[in-house]
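**Q** One structure is given below, represented as structure tokens, and several questions about it will come after.
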Amino acid sequence: MYEKLNKCTIFFAILIMLSLMLGTTYASIDNKFNHKSIEAFTVKGVFQQADADKVKVNSWMINIRSGASEQHNIVKVAYRNEILTVLGKINNWYVIKTNNDLVGCVNSKYVSLVSGTEPPEPEPKQPKPTPEPDKQQKERTDKDIVIKNPEPKPTLSKLEQQQLEMVGYINQARKKKGKTPLKLDDSLSEVAQAKSQDMVDNNYFSHNSPTYGSPFDMMTEFGVSYGWAGENLAKNSSLKSAHESLMESPGHKRNILQRNFNKVGIGVVKKGPLLYITEMFTD
């Protein structure tokens, strides 16, 4: 009896030691990445140009939703006289961006155009004067020459600059492997930006969102169709370091170099010294 009990005790002690060893190994791997935490997961409205650049909230408080309908989730609220940057329009909903780069939709009946944002009326074209028959060989003078000032190039927002930088790293890696470059997709970027903002707002770092569910549920909710889709998540102090960490992980690298993907959306939200980065891929 004592010998049987002693053998059972030794058996359970060995099991506990193995569990502790596995836990220590997992912790050491997690510490290795430190502030470079990353995750990977792979499985198989008509947007129009808006009539304004900015709108002002008229009501005491309005809901900013994740899509262009009352059925979409509320992601944030805006208060009276708050100015929102307009990215586009879907039916009677403005697609807006807040001061902290949150992208969402607001109903146009609760906002008004900010003065000076209406598109300018096109200048009427002046017909060219018909020269007199006896003056057709006359040399052109300075007053006959119409000099057009070049149109100023639009200034990119900080988020747009970050998105282009990250897509540049992705396409450089794809080019080295003979893959076609990915196109930065506005609809996917809207979903990716909402995911990064949701992780910051709800203090989590995972593919499964407490607000939207899985990344694929989230794409469907935002109206993005796909046959193949994937998501990379990174948390790092810089975009370049985040990309290098993703390329060191087989799962993330597979998403970046996946030949079935043609589009990518990038979301970037800063919290303290870290950037919460979401990469969403579709075919």
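The values are calculated or read from the model by the stated rules, or taken from the named source; none is laboratory data. Being a predicted model, the structure only gives us computed values, none of them experimental. Ideal geometry is used to build each Cβ from the backbone, glycine not excepted, and the neighbour counts take in all protein chains shown. Accessible surface areas use protein heavy atoms only, side chains included; no ligands, DNA or RNA. Shrake-Rupley method; radii C 1.70, N 1.55, O 1.52, S 1.80 Å.
**Q** ³J(HN,Hα) across segment 58-71 via Karplus (A = 6.51, B = -1.76, C = 1.60, θ = phi - 60°), whole Hz, x for Gly/Pro?
**A** Whole-Hz 3J(HN,Hα) from phi for segment 58-71: 8, 6, 4, 7, 10, 8, 9, 9, 6, x, 8, 6, 5, 7.
**Q** Moving to a separate point now. Near the amide H of residue 111, under 5 Å away, which other amide H atoms are found, from residues 5 or more places off or on another chain, if H is placed in the peptide plane?
**A** Those qualifying (amide H under 5 Å, at least 5 residues apart or on another chain) are 58.
**Q** Quick check: Cα centre of segment 202-242 to Cα centre of segment 67-82, how many Å?
**A** 21
**Q** Provide 228, 60 ordered by accessible surface of protein heavy atoms (probe 1.4 Å), highest first.
**A** Descending accessible area places them as 60, 228.
**Q** Please give the FRET efficiency for residue 208 paired with residue 283, using the beta carbon to beta carbon distance and R0 = 25 Å, rounded to the nearest 0.05.
**A** According to the calculation, E is roughly 0.65.
**Q** Compute, for residue 47, the solvent-accessible surface of its heavy atoms (probe 1.4 Å) with the complete set of protein chains present, and express it in square angstrom to the nearest 10.
**A** Taking all protein chains as shown, residue 47 has close to 110 Å².
**Q** Sticking with this structure for a sec: I'd like the carbon and sulfur percentage of the solvent accessible area for segment 178-271, probe radius 1.4 Å, heavy atoms only, ligands and nucleic acids excluded.
**A** Its accessible area is 43 percent carbon and sulfur atoms.
**Q** Here's something else I'd like to know. So how do 183, 271 rank on accessible area, 1.4 Å probe, biggest first, that is with the largest at the start?
**A** 183, 271
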